[in-house]
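The values are calculated or read from the model by the stated rules, or taken from the named source; none is laboratory data. Since the model is a prediction, treat every value here as computed from it, not as a measurement. Please note: Cβ atoms are built from the backbone with ideal geometry, for glycine as well, and neighbour counts cover all protein chains shown.
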């Protein structure tokens, strides 16, 4: 083990209390991005991070203002000019803490109880941001092996509306060999993980319009097609009896799962009975030729997220509603695109909506899927680092969710490597959000190893 690496690891051990104190300061700022009343708090968190970067010696620390909340940027140059550049991503905004009653501790106060840290954002993802900054601080003190750039946004929890504009307007500033994104989490405290695939998203509102206004069902029922019924019929036809999506061309761009990848996914521990119990559903459902884990991570889906129509208050009101609405989301896999998904849905509606009603489709949110090359040098360096600390090979996992920044960075030519140190029971977004302290400290040490491992990888 090289001397700078040893010095950096020793620095981490000596400064654990300092890192916890800094995390506590950041947790104490209620940076709730969705609440306008906390807009000043979100900015305060951005300025806190900017000051932290300056204290590390970062140059060109800037707050970009193209979005709703500031995006924090900074650079830390290494002595070796030809060293790779690591762009470290994080978000400093958090979800609201409500409901407050189930919390055992004040949500915006970092509280340690046994081996857990509690507080809103400690897992998602202020704790991950501070783990990365702690590792940077350690290698900075011992001998910095790579160039660092930083991208900390305050809009992730509201869909990152300004990030794309910032990245496109400042492409040169964010150019990097790759991005380290520690927002993906771990499968288990003893199973370090690298996430290599994220599903994309396409989100729509579908409106079905019928009569000009609500009608008396006794006078018009049986002669006017009810938009609620028409919508139900249209939605019911979007899947077959096996759970496959019936939209024309929906699967045309889907990258097939290779036998090797299916073998790798089968190695990920997954308890179907526990999954079903957690869901509280009576039975599993979906494409029978795929495992449940494959269905929720590696297959595209179409879901109805909400329905609205007619009278839904107490008592009775006999009407034929004038219109009905469904919110529809699609989770996309490589190599699907939100644009192609929208075309597929429109083709289906053109074929299936009867002439007795009119339809309107509103395209709301779209994010392409992301897929990481497992042979990339940054992935190999991270795998080696995780194995060094946990003494076991990392799991390579897919995520069924979407992290929009990954696709946005892909657009400007910056690939990502995804890991993280929050556990499945972290209660992210929920009451008593928590972080397993021993795992977090291991994660800091793993990132130190990762940064030094990058010195040995071949870079173009």
### Unmet requirement for residue 249, which otherwise passes all of (1) on the phi > 0 side of the Ramachandran plot; (2) modelled with pLDDT of 95 or more; (3) not assigned by TED's automatic domain parsing to the domain that holds residue 335
(3)
### Verdict on residue 134 being surrounded by 22 or more Cβ atoms within 10 Å (Cβ to Cβ), at pLDDT 95 or above and assigned to a loop (DSSP other than H, G, I, E, B)
no
### Any hit, the stretch 84-91, residues being over 21 Å from the mean Cα position of the chain (by Cα), assigned to a strand (DSSP E or B) and either farther than 26 Å from residue 451 by Cα or outside the structural domain of residue 135 (by TED's automatic domain parsing) (or both)
no
### Message
I'd like the residue in the stretch 43-57 that is in contact with a strand residue (DSSP E or B) (Cβ under 8 Å, 6 or more places away or on another chain) and surrounded by 21 or more Cβ atoms within 10 Å (Cβ to Cβ) and, out of all such residues, is nearest to residue 452 (Cα to Cα).
### Response
53
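Where residues in the stretch 58-79 are over 23 Å from the mean Cα position of the chain (by Cα) and surrounded by 13 or more Cβ atoms within 10 Å (Cβ to Cβ), which of them is farthest from residue 97 (Cα to Cα)?
Within the stretch 58-79, the subset over 23 Å from the mean Cα position of the chain (by Cα) is 58-62, 75-79.
Applying the additional criterion that residues be surrounded by 13 or more Cβ atoms within 10 Å (Cβ to Cβ) yields 58, 61-62, 75-78.
Working: 58: 32, 61: 30, 62: 29, 75: 33, 76: 34, 77: 38, 78: 40 Å.
The residue in question is 78.
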### Task
Identify all residues within the stretch 146-165 that are farther than 20 Å from residue 94 by Cβ, in contact with a helix residue (DSSP H, G or I) (Cβ under 8 Å, 6 or more places away or on another chain) and modelled with pLDDT of 95 or more; write none if there are none.
146, 148, 149
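With the stretch 247-298 as the region, which helices (runs of 4 or more DSSP H) entirely inside it contain at least 2 residues that are loosely packed, with under 12 Cβ neighbours inside 10 Å and without any contact (Cβ under 8 Å) to a residue 60 or more places away in the chain?
In the stretch 247-298, the matching helices (runs of 4 or more DSSP H) lie at 259-266, 272-279.
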### Message
Taking the condition of being farther than 21 Å from residue 118 by Cβ, in contact (Cβ under 8 Å) with a residue 60 or more places away in the chain and assigned to a helix (DSSP H, G or I), how many residues in the stretch 11-42 meet it?
### Response
3
### Selection within the stretch 299-332 - surrounded by fewer than 19 Cβ atoms within 10 Å (Cβ to Cβ) and outside any strand (DSSP E or B)
310, 311, 312, 313, 314, 315, 316, 317, 318, 322
### Task
Among what's in the stretch 137-169 and is assigned to a loop (DSSP other than H, G, I, E, B) and either under 13 Å from residue 72 (Cβ atoms) or not assigned by TED's automatic domain parsing to the domain that holds residue 108 (or both), pick the residue that is farthest from the chain's Cα centre (by Cα).
162
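Among 201, 219, which is the only one that is farther than 19 Å from residue 351 by Cβ and in a strand (DSSP E or B)?
Exactly one residue qualifies, and that residue is 201.
Residue-by-condition table, conditions (1) in the same structural domain as residue 222 (by TED's automatic domain parsing); (2) touching a helix residue (DSSP H, G or I) at 6+ places or on another chain (Cβ under 9 Å); (3) over 30 Å from residue 456 (Cβ atoms):
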site: 309; (1), (2), (3): yes, yes, yes
site: 316; (1), (2), (3): yes, no, yes
site: 320; (1), (2), (3): yes, yes, yes
site: 327; (1), (2), (3): yes, no, yes
site: 344; (1), (2), (3): yes, no, yes
site: 349; (1), (2), (3): yes, yes, yes
site: 353; (1), (2), (3): yes, yes, yes
site: 356; (1), (2), (3): yes, yes, yes
site: 376; (1), (2), (3): no, no, no
